[in-house]
Every structure is written in C-alpha cells, then in structure tokens.
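Accompanying notes for the structure given below.
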Amino acid sequence: MQTEKLAVNSDISLFDTEPDSRLYHYKIQLDKVKDELMKFGLSSNQAKVYIYLSKSGPKKASDIFKALELPRTETYGILNALQSRGIITAEFSSPVVYAALDLKDTIDALVSAEKEKINILAKREDKLMEMWNEIPASITEGNTTRKEQLQMLQGNPQIHSKLRQMVETVKEEIKIFCTLRDLSSFYYSDIIDMLAKSPADVKLIIIPASITEGNTTRKEQLQMLQGNPQIHSKLRQMVETVKEEIKIFCTLRDLSSFYYSDIIDMLAKSPADVKLIISPASMIPTYARKINKRRIRFMPNTKTENQCFVVKDSEVMIFLRNATHSPSNVFSIWTDSQTLAESMIMLFDCCWEKTEQTR
C-alpha cells in the first residue's frame, strides 16, 4: 500500500483534528504510531516532532514549533534529544534544517539501542555485583563534571568573531591548521595581527587547498549522540557500510566498550582496510586479538586517555566525552562532512607513523 503524503500547514495540526474532520482518520493512526514510539522512551512531544519531520520532510526549528504549537525553547530541547537518539539529523545550513530518518531506520535504531542496554547489563552482571559490594553503604561524591558546549557557526562574520575571541582569551597555546585561502580571510579580519602580537605559543600549519574546496552542492549532516546504546548503534552502522577504510583512535576503555557491543567482531570480519591506534597502551587485550595485529598500533602517551575518534570513508565520529565517563554520559558527534573527515584522516595518518608496531 503506497504511503500517503500528509498535507500539513501552519493552519492545520493533525494531532488536534476534530472527529468530524476528513483528516480525523489520519489522526487516529498517528496517535497509534506516537504511542508505539513512546514505548521506546520518547516523550509525547518528541514523538510528535519526529512524526511531523518524517511526514513533512526537512524543516527549520521555527517551522516545527509553529506547526505543532510547541514552546520555542522546548522544541530545541526536543530536537537535541532526538539527535542524541540518532533518529534525526541536522544539515549544515543557516538556519539549521532538521530531517528525520525513515521509520524503518528509526525503529532499527531504537530497537538496537534497547538491545544494547540489555546486552551490556547481562554481560556485566558479575562485574557490577563485584563493584557494588566494594562500595561503602554511604558515600558522598563531589560534582566535578564540567559543562561542555557545542556551537555551529556559519558565515565569516560569525566565525571570525569567535576566532578573535579565542585569540584574545588564549592562555597558553593556539594551533591553526588551514589553507592559504583561510589565512587570507583571517588577514582581513585582523586575526593575523592578533596572532602576531599574542604572547601565547602560536603554531601555524598551511596546507594546499582541498580538491573539494568550494563544493557546496552536497548537503552535509551532523548528528549529536549521547549514551553508549545510541553511539554504538551508529558505530555498528558505520562498520557495516564501510566501503574502503575505517580508522579508529581510542583508549583501552573505549575498546572494551566496543567489545561488549560486538564492534570488535565486526571489525575482525570486515573486508575493508581497518587500522586501529590504541592510546595509551603497550599490548593488545585478549578480546581484540581476533583483529589482525598488523592493523593495530600503540601510542604510549598518557595525554590521550580521553581521546577517541572513528573515520569511515567520508564519515567521522568524534567523542567529546569518551569511555572515561559513565556509559550514559558518553557523548559524540557524527558527520559526513568531507572536510572534517579529510582532516581527521590526516591526523590519524600522522599518528600512525609515530606509533609503535605490535609484536
């Protein structure tokens, strides 16, 4: 049966349709879909926003809160939550345009996330009980969590304003990796003069312009993911769909969390060019030995214990909070930005040359 496209405009809200309306039949169906989505932990309004995007196509945040008559601030919170679950994406545009994954992919992502939670708990039962019994009956833990922020900027005025702020407030060092064209744009915004006068340790690497520079025809997406279930679900998808190469830079803790999500097995069986840098480390853990040891290298550097990123073809996932945090607080961004993917590949390759081979 062919899916009907629902007409939704600013004057009609299908969720509030009256019984005598010709659209009421669709409202009943949408309510049933909404109820099913809520069983996976979505709130009523989160389910409404997902359904609206899924049936109406990519929309700006303003379109969403006007059509669904939601508070503006709540709408942005909902969009962030849906991105964290990996069921909507945000395009690099100004203003940001949000799009929903199709329903099948959404269900797969939600089901996979729930299975992940159950599998992890089942596999860690003994360890969990052991840790639990070691904890005193009463314990007070100070709150040392630092709030981290992510900002998306478009257009030279906004970007250069932020850059000037960064140069003005630098305390120790500032490192810049850019093309000649970027450097030229910095010059006209007085950033070069500011760098020249800065007392900080300034280092600058200038590279040839990318062959893809200036190509704006391809829409690039950004997803923010929180919690191991959502992140590992996306990682498995990346490993499953890799065509040429996948490069992973991670800690032993990250690698252990990948193991419990079957990602290690998938990497071992992948026909793609797999390369793995573990830092800090000096030997391959037993559970990772199914991966060819020639594909694994070590970087015995304790400064990298909170760093993790994965590059697959032209996609990249960067962990802003890795496995040094609790599973529910692990946070990453995923994007198919070719520029960022190329930069991370360059960083990985540079690290690969400086690492130690396994024996």
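Just so it is clear, none of the values below were taken in a lab; they were calculated from the coordinates. Worth saying up front: this structure is predicted, and the values here are computed from it rather than measured. Glycine gets a Cβ as well: all are built from the backbone with ideal geometry, and neighbour counts include every protein chain shown.
Table for the structure above
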item: Solvent-free Debye scattering, log10 I(q)/I(0), computed from the Cα coordinates of the range 164-209 at q = 0.17, 0.18 Å⁻¹; result: -0.45, -0.51
item: Potential extension, SER94-SER189 segment - 0.36 nm per residue separation minus Cα distance; result: 32.1 nm
item: Ellipticity estimate at 222 nm from DSSP helix runs (n ≥ 4, -39,500 (n - 2.57)) divided over the chain, nearest 500; result: -13500 deg cm²/dmol
item: Contact order normalised by residue count of the chain, Cα under 8 Å, 6+ apart, percent; result: 13 percent
item: Exposure proxy order (Cβ contacts within 10 Å, fewest to most) of LEU153, LEU163, LEU320; result: LEU153, LEU320, LEU163
item: Antiparallel %, DSSP beta bridges [both residues in the range 247-310], to 5; result: 20 percent
item: Length-normalised contact order of the range 221-302 in % [C-alpha pairs under 8 Å, at least 6 apart]; result: 29 percent
item: Counting DSSP beta bridges with both ends in the chain, the antiparallel % (nearest 5); result: 65 percent
item: Two-site label geometry, LYS127 and LYS171: point separation in nm, points 7 Å out along Cα→Cβ; result: 3.4 nm
item: Restricting the range 175-282 to chymotrypsin sites (Phe, Trp or Tyr not before Pro) in coil, as DSSP defines it, with at most 16 other Cβ within 10 Å; result: TYR188
item: Relative exposure of VAL97, VAL316, judged by other C-beta atoms within 10 Å (fewest first); result: VAL97, VAL316
item: Modelled FRET efficiency - R0 30 Å, LEU320 with ARG294, Cβ distances, 0.05 increments; result: 0.45
item: Cross-link reach list, lysines versus LYS303, counting only Cα pairs under 23 Å and skipping chain neighbours closer than eight places; result: LYS147, LYS171, LYS175, LYS203, LYS247, LYS275, LYS354
item: Fluctuation leader among LEU255, LEU267, LEU103 - the chain, Gaussian network, Cα springs under 10 angstrom; result: LEU103
